[in-house]
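Novice: Sharing a structure below in structure tokens format, with a few things to ask.
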Amino acid sequence: MSYGLTLIYGVMKIVNLAHAGVMMWGAYFAFVLITRLGGNPFLAPIVIVPVFFVFGMFLQRYIVRRVMGAPPISSLLLLFGVWLIMQNISYLIFSGDTKAITTKYTLLTFQLAGIPVSVNRMVVFIVGILALLALRQFLGHTYMGKAIRATAQDSDASKLAGINTSRITEIAFGIGIALASLAGSLMALIFAFDPDFGRSHLLKGFCIVVLGGLESMIGVALGALVLALAEALSVLWLMPAMQDFVSFALLVIVLIVMPGGMKGLVDRFFSK
Amino acid sequence: MQVKQVLCSWKLWLGVMVLAFLVLIPFLGIQGGYLQTLGFLTFLYITLSTAWNILGGYAGQTSFGHATFYGLGAYTTCILALRGVPILLTIPIAGGVASFYGFLWGYPCLRLRGQYFAIATIGVGEATRLLMLNLDDLIKNNSLLKGFLQKGVLTGGATGLMLPTPEDIRAYATGFYYGVMVLMFAALGVSWWVKKGKFGLGLFAINMDIDAAETVGVHTTRYKILALMLSAFMVGISGSIYAQYVFYIDPQTVFGFPMSIAMVLMPIIGGIGTLTGPILGAVVYIVVQDRILTANLNLGFIKLSLSALHLLVYGGLLVLIILFEPKGILGMHRRLNNWLKKGKVGSLITAGKV
């Protein structure tokens, strides 16, 4: 989820509020595939990810591109509108009830060094790691990946170097959306969800991205760690209901105090 | 000559007639007070939309966190009124509290630019809502703050707070109908005054180019904070009046994200950064909402309740407006006017030639 955000932000300098909607749709898509059509829960992403990749490219080509030159706030509002539409379409189709996916794997556990571990969570964890490794490989070692990074650094210069930037932007947007849907479909296996499900995760995603520094990939992983720690500690010291409060407050504080994220903080520390 | 011209203009008479109709609504008693409540809500939302527009439209700082002010206003009124403070006195206090809260988070957050400010305000809004939901439980465990509780209740958690209902509820409601009407005109007056004055000029400069504004000597952060506080004051008062009108508040309604969304949508639909845009936006918002929430679409084989569609419509409207007409309904009107004039001039020229 956060990686998708970073990618889109890096390439397009756009804050994508529709991410929450995509994530929620990913979850519902998985829900339909698994419970109605009887698909295997762990194979569902194979169908979901390509579908949303195409959806993301479509979104970029026909809607978002029209406001690329305009002030950033209008693209933010635009994607906010897209999110509202997505959210309410699911209210219409699935109603506002909280849904959960229960499969034969849900309650299955196995012993790892004497501690019972849920098979579900383990698989989700492994798929997440695999997706990140694949993304890293893709961005670092293929022509397309390099082109995406070049566009992120300087769009005009990469155009001069012969990169079809509008095509690249479309693909990056597609990948970002696909990652969000992957995150959504994986989370649907663990958590219960409703049409409003993406919002708190969107904010947390931003918190992680900002913590990690807006355009660095390792930073994002670090940011996720810090946020998870802060939430766990808040359960310990305050009360469980305040967990989300802590992460939102953290988001605001981090945005204000260290806009460069942890990387910026480290840099500043060493340069002194 | 000029006075005569003004008197003859149909716009003036239309305005007077609309105003007279609005003033007379409570006496007509159409449909058992339904129209009156609709009018009340419309005036309230026009106030909210105008208030948001001062920060979001004039200064260009999109805030998704204005529900915090609305909720704080409502809660201030309820908490104070339940402790015996005269209820009308709580209105300015509510505005003051909201304004102070605006200063509190605006001071750091307004240093952020553009989209980062928008994200931060979503964070602030959600954090405030969660804080209000859990405040009672937090205070209970703290020996220092326990004194604020009354029968173990300050904000009432998720159940919310209730105000006692007055005896003559009709007269009470009518009083508030006029009260909020006055409030709306006051808000519009403030908005007009800001727009005409030096303050507004500074805000517009910030909107256009913040660096250039700073170079020519606009104290940008101070201006932005002042705009936020002014806006928060109005929203806080509206929240307070809302609480007194419906007698019941809970964190999900007054602090909820939909409230913030409403305040963002109305000015954008109507025409951002203008005086009349927020009015149009609020009227469209309330009327459409009222129609949709009660309507059912009968497709012959299935009956579809349209209430779920209501934000869908606004989402769609928002996308269309940003894609095709960033100036909202006002922009559309202007474009239509230009087109009509062009048509007229064109026909005159051809007529002259013949």
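Novice: Check B:Val85: other-chain or 5+ apart residues with amide H under 5 Å from its amide H, H built from backbone geometry?
Specialist: Those qualifying (amide H under 5 Å, at least 5 residues apart or on another chain) number zero.
Novice: In whole Hz, with x marking every Gly and Pro, tabulate ³J(HN,Hα) for segment B:125-139 from phi via Karplus 6.51 cos²θ - 1.76 cosθ + 1.60, θ = phi - 60°.
Specialist: x, 5, 4, 5, 4, 5, 5, 5, 4, 10, 4, 4, 5, 5, 5
Novice: Can you flag which of B:Lys198/B:Lys224; B:Lys195/B:Lys224; B:Lys198/B:Lys327; B:Lys195/B:Lys327 are past 19 Å Cα-Cα?
Specialist: Long pairs (Cα-Cα over 19 Å): B:Lys198/B:Lys327.
Novice: Kirkwood Rh and Cα-based Rg: tell me the resulting Rg over Rh for segment B:52-105, rounded to two decimals.
Specialist: 1.08
Each reported figure results from applying straightforward, stated rules to the coordinates on display, with no laboratory input. The model shown is predicted, which means the values in this text are computed figures rather than measured ones.
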